[in-house]
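The values are calculated or read from the model by the stated rules, or taken from the named source; none is laboratory data. Computed from a predicted model, the values in this text were never measured in an experiment. Quick reminder, even Gly has a Cβ in these numbers, built from the backbone with ideal geometry, and neighbours come from all protein chains shown. Only protein heavy atoms, including side chains, enter the accessible area calculation; ligands, DNA and RNA are left aside. Shrake-Rupley method; radii C 1.70, N 1.55, O 1.52, S 1.80 Å.
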Amino acid sequence: MNPARLLSTFALPALLALPIAAIAQQAQHAHVHGQLRLDVAIDGPTVVIEMDSPLDNFIGFEHAPKTDAEKKTADDAVAQLRAADQLFRIDPGANCKLGPVTLRSAALGLGKADADAAEGHADLDGTFAFNCTNAQATKFIDVALLDAFKGIRQIDVQIAAPQGQFKRTLKRPTTRLTWGK
């Protein structure tokens, strides 16, 4: 087989696939207003919830607060998120108490700045840890984010629990996240 034909047979398709893979990876971390992503992990005595969301979902804009009204809106949203036990009500059988809450948003001056954040597309991400006496008993979490923040229309969830791995989507009026039997 001649080298030019070998190149067109193997190398060209591989080179064309690279941009497609990059687009697919970018789509996984798409910044879509109204949508929020949660990753729930139940491991040992803890339930950890990772949140990835556009800032707009919580405060209605994606820049550092400028006016007193914008500052109040941002402060109120941060206070609500810090009270995560009111937003994530874990199955009482697990006997969980809120542990550390970490919020990250460069626009709000929370945590480290995200080097990957696109200009004008600020996020508000968080980690919510719950310490439980029986985390493995968790079969559901009531998620109050849809009621608390009107900018959120859909929550896409991935769950890693002792019962297995699950994907769920919450939309109004559904606020209970269930898995397993």
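Residues considered: A77, A160. Of these, the only one that is among the small types (G, A, S) and in a helix (DSSP H, G or I) is A77. Within the range 135-157, the residues that satisfy the criterion of being assigned to a loop (DSSP other than H, G, I, E, B) and free of Cβ contacts under 8 Å to residues at least 60 places away in the same chain are K139, A144, K150.
Of the numbered criteria (1) under 22 Å from F130 (Cβ atoms); (2) open to solvent by 40 Å² or more (accessible area, probe 1.4 Å), the one D68 fails is (1).
Note on the range 45-74: residues that are among the charged types (D, E, K, R) and either touching a helix residue (DSSP H, G or I) at 6+ places or on another chain (Cβ under 9 Å) or assigned to a helix (DSSP H, G or I) (or both) amount to 6. Among the conditions (1) over 17 Å from the mean Cα position of the chain (by Cα); (2) open to solvent by 50 Å² or more (accessible area, probe 1.4 Å); (3) over 25 Å from I159 (Cα atoms), the only one that A106 does not satisfy is (1).
When I90, I59 are checked against the criterion of being open to solvent by less than 70 Å² (accessible area, probe 1.4 Å), modelled with pLDDT of 95 or more and touching a Gly at 6+ places or on another chain (Cβ under 9 Å), a single residue qualifies: I59. The set of residues in the range 158-170 that are without any contact (Cβ under 8 Å) to a residue 60 or more places away in the chain and open to solvent by 80 Å² or more (accessible area, probe 1.4 Å) comprises Q165, K167, R168. Is it fair to say K167 is of a type in the set (K, R) and over 14 Å from the mean Cα position of the chain (by Cα)? Answer is no for this residue.
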